[in-house]
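Comments concern the structure below.
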Amino acid sequence: MNATPTSQRHHIALYLAHRWFAFFEAPGGDLEAHLGIFHPQVRLSGHRGQRLFAQDHETLRAWFAAVPDEVSSHHILHSVYEDLAPDSGRLAFLVAYQAPGADDAVHGSIISYETQVAFGGEPRFLALDKTPTLPNTRPTFEPSWATNRVLARLHHELGGLGEAGDANGQVVRSAMGGNVHALSVLTNAPDGSPSYEALASWVGGTPCAPSSLRLAVRDDVRAPLPTIQPLGPA
């Protein structure tokens, strides 16, 4: 099987993206800690830069305060990463957004994101632009909080950001290998769950082949990332 491994910077950028979305999907998150994934002069815009929502931490904090407190989900469908400079890169991705409405109706859209990430020191978003492109017509709401939380942790590990002494992270990196791509997570945990299981699937290894791993997850919406414990192959 021929495959192109996901680069370390691509993993790091996806770690930031999954943290960005999970924050919206369960109440109780730590906003001050969340602001740490954004550059102090971050630019948040919409509609290909035509609307400016925030241009620093102060205006971003105000934008977060104005976001409606509603149940929502964000599934990243596809992403492309490229280096822009020695210390920055671009992550473009498509997201399937949903929110349940009245009378069990579900509304949503497919949103195109263009982001820039700084890699000098702690990785952070330099800029984000989000542009709705199509309606999302799937009639059933598909939650994503737990999926985004686990994917954020896995991409964090695969991007080389995990602590050297973290035994759980070392087991995950050893089990998944160093040339992972097509990573996905399946779980049915309710938003904000403190404990749940997840199934991670990916393509990787030498030779390259599909693999999967069951994970026990301990979570806290106030923490930047959950704790994961491998349970063994599925």
Revision key, fill the gap. The lone condition PRO143 fails out of (1) open to solvent by less than 30 Å² (accessible area, probe 1.4 Å); (2) within 16 Å of ALA22 (Cβ to Cβ) is (1)
Revision key, fill the gap. Selection over the stretch 63-87 where residues are farther than 21 Å from VAL150 by Cα, outside any strand (DSSP E or B) and either open to solvent by 80 Å² or more (accessible area, probe 1.4 Å) or among the hydroxyl-bearing types (Ser, Thr, Tyr) (or both) yields a count of 5
Check your understanding: When you look at ARG90, is it open to solvent by 40 Å² or more (accessible area, probe 1.4 Å) and basic (Lys, Arg), yes or no?
Key -> yes
Review point. Do any residues in the stretch 192-208 that are in a loop (DSSP other than H, G, I, E, B) have Cβ atoms under 7 Å from those of residues that are of a type in the set (Val, Ile, Thr), where the two are at least six apart or on different chains, and which pairs are they?
Key: GLY192/VAL221
Study note, to complete from the structure: When restricted to PRO190, PRO207, PRO233, PRO226, the only residue out of contact with any helix residue (DSSP H, G or I) (no Cβ under 9 Å at 6 or more places or on another chain), of a type outside the set (Asp, Glu) and either closer than 23 Å to SER73 by Cα or open to solvent by 60 Å² or more (accessible area, probe 1.4 Å) (or both) is PRO207
Study note, to complete from the structure: Of the residues in the stretch 175-187, those that are outside any strand (DSSP E or B) and open to solvent by 20 Å² or more (accessible area, probe 1.4 Å) come to ALA175, GLY177, GLY178, ASN179, THR187
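The values are calculated or read from the model by the stated rules, or taken from the named source; none is laboratory data. Here the structure is a predicted model, which is why all the values come from computation and not from measurement. Glycine gets a Cβ as well: all are built from the backbone with ideal geometry, and neighbour counts include every protein chain shown. Accessible surface areas use protein heavy atoms only, side chains included; no ligands, DNA or RNA. Shrake-Rupley method; radii C 1.70, N 1.55, O 1.52, S 1.80 Å.
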